[in-house]
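Worksheet: the structure to be examined is printed underneath.
The values are calculated or read from the model by the stated rules, or taken from the named source; none is laboratory data. Here the structure is a predicted model, which is why all the values come from computation and not from measurement. Ideal geometry is used to build each Cβ from the backbone, glycine not excepted, and the neighbour counts take in all protein chains shown.
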């Protein structure tokens, strides 16, 4: 992130940082309540704390923000209306399933209910599955459009496109792997391991977005050092501007002798154009 980024993007990053801080605080409180406060009270561990419920809601919002940002990046690469419409529609469906799943968490309030109640299992499966679908689509579309743009780019631009492709894969692969692991652990395991993976996955989403944003300057510096040219246009100030031409007049006296021996002095004027601001002493600037 730099000060040159649009104000809307900077405000979005600020919102993301606030949500991440709040999510971390909820995770700390939930761990403290489970490991310290209820250390000798195993019955209390069967119930979902309010901080865990709040962290699940924040997770749904953070994932939506990051996925919407990547969708906007895809729109900037290739303004394909049907593709973006389908992608945003799937994200809205994912958000709806996420809201319903979090509502079930608040309504039932027990970890055992999330594994045994059919309504809870259905919406959690759908929420995790659509998370996986959206992440996979975003990663594939980013790689495809970057590869497509390389075909018509120059040599230096191809290097930049290749590096951006690597960053897109590095940003999307961890969230996809964790999403697959969440589905497997929720289906096969009797523990609440999937809930811990959910908290870890939120950090991956936020870090992947910051990775893509901070990679821009790193790629620009690397390209400038390799190719020897700057990717930024130089700023021209008024002092650097080319001065206007200055008309200079040289005046000399010519002595003429007529037939009666009289002398007359006639000025002879020569004009010249100069681009210098410093004039010789014999010249008068008009």
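Data for the structure
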item	result
Matching residues in segment 21-52 - criterion: being crowded, with 16+ Cβ neighbours inside 10 Å and in contact (Cβ under 8 Å) with a residue 40 or more places away in the chain	23, 27, 48, 52
Search result, residues across segment 78-89 that are in contact (Cβ under 8 Å) with a residue 24 or more places away in the chain and buried (at least 16 other Cβ atoms within 10 Å of the Cβ)	83, 87
Test set (1) modelled with pLDDT of 50 or more; (2) out of contact with any helix residue (DSSP H, G or I) (no Cβ under 7 Å at 6 or more places or on another chain) - residue 192 fails condition number	(2)
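A quick yes/no check of all residues on (1) assigned by TED's automatic domain parsing to the domain that holds residue 128; (2) more than 14 Å from residue 134 (Cα to Cα); (3) at pLDDT below 90:
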residue	(1), (2), (3)
14	yes, yes, no
22	yes, yes, no
39	yes, yes, yes
45	yes, yes, yes
50	yes, yes, no
85	yes, no, no
97	yes, no, no
